[in-house]
Each structure stands twice: as structure tokens, then as C-alpha cells.
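Q: This is the structure I have questions about; it appears just below.
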Amino acid sequence: VILVSEQGGRVYLSMSAARRFEALNTALQVSALDDNEPENRTISFREISIGTLRVLVPLLERVDELLSQNEQADPLNQIYIPRRLQPFINEQLNGLNNDEVGALYKAIDFLDVPFLLNGVASVIANRIH
């Protein structure tokens with residue numbers, strides 16, 4: 001799946017990850033009406049920068065990977081995912097300034113990915129202290 005930023009920059013997200021998250025899955029369905037090639041679906045985000053998308057994609061891929069590994073053991077993933085995901089989130093956001101973290105938080109909120117939203121909120125809370 002190709003995600004296109006407000007400036008026209010492109011990043012790639014696996015179909016598995018895109019289908020996992022409701023907002024992206026809905027966008028895929030809309031894109032399917034315009035496109036006959038499912039492997040080349042394009043989703044445009046006029047309000048998200050390419051820099052934010054470049055940070056967001058590995059986070060979405062990691063959540064998809066963790067959920068795929070643990071779907072049988074813990075269907076709600078309430079305990080497993082946040083504990084395993086937070087170090088990865090911390091690492092990905094380490095080099096970002098506060099404005100970039102804020103933009104990422106808004107993008108994750110827009111896409112409604114609670115595991116990431118809570119993880120990024122934790123990074124923001126740690127920076128406030």
C-alpha cells in the first residue's frame with residue numbers, strides 16, 4: 001500500500017498492516033473503487049507530512065507484527081502489546097523534537113491506533129517531567 005503525504009511524498013506499508021487498522025482499511029476500500037490493482041493501492045493524507053509518515057509506518061508495521069504473533073494467546077492484547085511495543089516506540093521517537101512527536105500523536109489519533117496513541121502519550125509525558 002502506498003501512503004502519500006501532504007507534499008506528495010510516498011512511503012510503503014504492508015497490506016497486512018493497512019488492513020489491521022480500521023481507518024486505513026476503510027481508505028483501502030475507497031481506493032479500491034478507483035483502482036483495479038490491489039497491490040498498488042494508494043491512500044492520500046493531505047494533513048500528514050512525509051516525515052510523520054516515515055516514522056508512523058514502522059510503528060504500524062510493528063503493531064501488526066506483534067498482534068499477528070499473539071492473536072491466539074491474548075485476543076484483546078491488552079497486556080502483551082503495550083509492554084512489548086513501548087521500547088520500540090521510545091527508540092523510534094528518540095531523535096524527534098517535540099513538534100514532530102506532537103504531529104505523530106495527531107496522526108495516530110486520526111488513524112485511531114490505541115496501542116500507539118498510548119505509547120506516544122507515554123513519551124510525551126516523560127518529556128514533560
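No lab work stands behind these numbers, since they all come straight from the coordinates. If you're wondering where the values come from, they're calculated on a predicted model, not measured in any experiment. FYI the Cβ positions are ideal-geometry reconstructions off the backbone, even for glycines, and counts take in every protein chain you see.
Q: Could you calculate the contour length gain from residue 100 to residue 46, that is, 0.36 nm times the residue separation minus the distance between their Cα atoms, to one decimal place in nm?
A: Numbers: separation 54, 0.36 × 54 = 19.44 nm, distance 1.65 nm.
Taking 0.36 nm per residue and subtracting the Cα distance, the gain is 17.8 nm.
Q: Spin-label point model (7 Å from Cα, Cβ direction): what's the residue 6 to residue 109 distance in nm?
A: Rounded to a tenth, the inter-label distance reads 1.5 nm.
Q: Using r as the Cβ-Cβ distance of residue 83 and residue 19, and R0 as 22 Å, what FRET efficiency do you calculate, to the nearest 0.05? The partial results should precede the final answer.
A: Working: r = 24 Å, r/R0 = 1.11.
Calculated transfer efficiency: 0.35.
Q: What ratio of Cα Rg to 2.2 N^0.38 Å holds for the range 78-129? Before the final figure, lay out the partial values.
A: Values: Rg = 10.4 Å, N = 52, 2.2 N^0.38 = 9.9 Å.
Dividing the Cα radius of gyration by 2.2 N^0.38 Å gives 1.06.
Q: Test of understanding: what is the full-extension gain from residue 90 to residue 124, defined as 0.36 nm times their sequence separation minus their Cα-Cα distance?
A: Working: separation 34, 0.36 × 34 = 12.24 nm, distance 1.02 nm.
Roughly 11.2 nm would be gained on extension.
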